[in-house]
């Protein structure tokens with residue numbers, strides 16, 4: 001039966017994407033509901049998760065290609081981005097520091113164990129980089145990976161609405177926020193909306209991937225020292 005996992009997952013996503021295109025509600029995000037549908041099928045039919053993972057392994061290879069494809073809008077707007085390169089770098093660096101700080105402070109207020117705090121320290125990047133940094137900090141990779149996916153999906157659902165709520169209507173700023181905070185899924189959402197936001201989201205995602213492994217391992221011990 002597991003040979004059906006790959007085609008059925010693709011069919012589910014395409015149907016949900018078609019529904020999302022018609023209804024145009026952020027709550028009908030096709031990535032979110034494909035995940036929910038897959039989990040429900042695994043639970044209802046008592047299917048083996050490792051077997052499902054092996055059956056859908058082509059997604060892992062396609063994901064790498066998809067991440068590379070996110071650079072296309074960046075290339076199209078490269079002349080615009082060059083003019084603001086320093087500002088983009090500063091904005092992304094501040095975003096990385098703020099993401100780490102806010103996660104650590106909230107976890108400290110909730111009296112979370114140190115290992116959990118380390119697991120939440122580098123969530124503004126794609127999963128492979130998060131796993132590397134989390135391992136370096138002594139955190140739990142599975143928690144970090146789950147949170148990265150959750151943040152990306154939540155950002156795809158409420159990202160633009162939240163930005164509009166706070167009066168952030170500039171498309172370049174919206175793109176930086178989505179790409180920096182919600183990485184690949186946020187960038188894909190920006191691509192679906194407009195090219196300018198997509199370009200800035202791609203730039204933010206790329207710079208976050210560079211800056212997070214450089215900044216977080218240096219900044220996190222300082223947080224631990226001063227905040228405990």
>> So, in the range 176-228, how many residues would count as being within 27 Å of residue 26 (Cβ to Cβ) and part of a helix (DSSP H, G or I)?
In response: 34
> Within the range 204-225, is there a residue that is at pLDDT 90 or above, out of contact with any helix residue (DSSP H, G or I) (no Cβ under 9 Å at 6 or more places or on another chain) and closer than 29 Å to residue 111 by Cβ?
Replying inline: yes
> In the list 91, 156, which residue meets the criterion of being crowded, with 16+ Cβ neighbours inside 10 Å, in a helix (DSSP H, G or I), modelled with pLDDT of 90 or more and touching a helix residue (DSSP H, G or I) at 6+ places or on another chain (Cβ under 8 Å)?
Replying inline: 91
>> Looking only at the range 10-35, filter to residues that are free of Cβ contacts under 8 Å to residues at least 12 places away in the same chain and within 15 Å of residue 156 (Cα to Cα); which one of those is surrounded by the fewest Cβ atoms within 10 Å (Cβ to Cβ)?
In response: 24
>> Based on this model, can you work out whether residue 176 counts as touching a residue at least 12 places away in the same chain (Cβ under 8 Å) and either in contact with a strand residue (DSSP E or B) (Cβ under 7 Å, 6 or more places away or on another chain) or under 29 Å from residue 108 (Cα atoms) (or both)?
In response: yes
>> For the condition part of a loop (DSSP other than H, G, I, E, B) and at pLDDT below 85, what is the one hit in 65, 47?
In response: 47
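Looking at 23, 39, 31, which one is more than 18 Å from residue 178 (Cα to Cα), under 20 Å from the mean Cα position of the chain (by Cα) and outside the structural domain of residue 131 (by TED's automatic domain parsing)? Spell out how you get there, then give the answer.
Working: 23 fails: under 20 Å from the mean Cα position of the chain (by Cα); 31 fails: more than 18 Å from residue 178 (Cα to Cα).
It is 39.
The values are calculated or read from the model by the stated rules, or taken from the named source; none is laboratory data. In this text, all values refer to a predicted model and were calculated from it rather than measured experimentally. All Cβ positions, glycine included, derive from the backbone under ideal geometry; neighbour counts span all protein chains shown.
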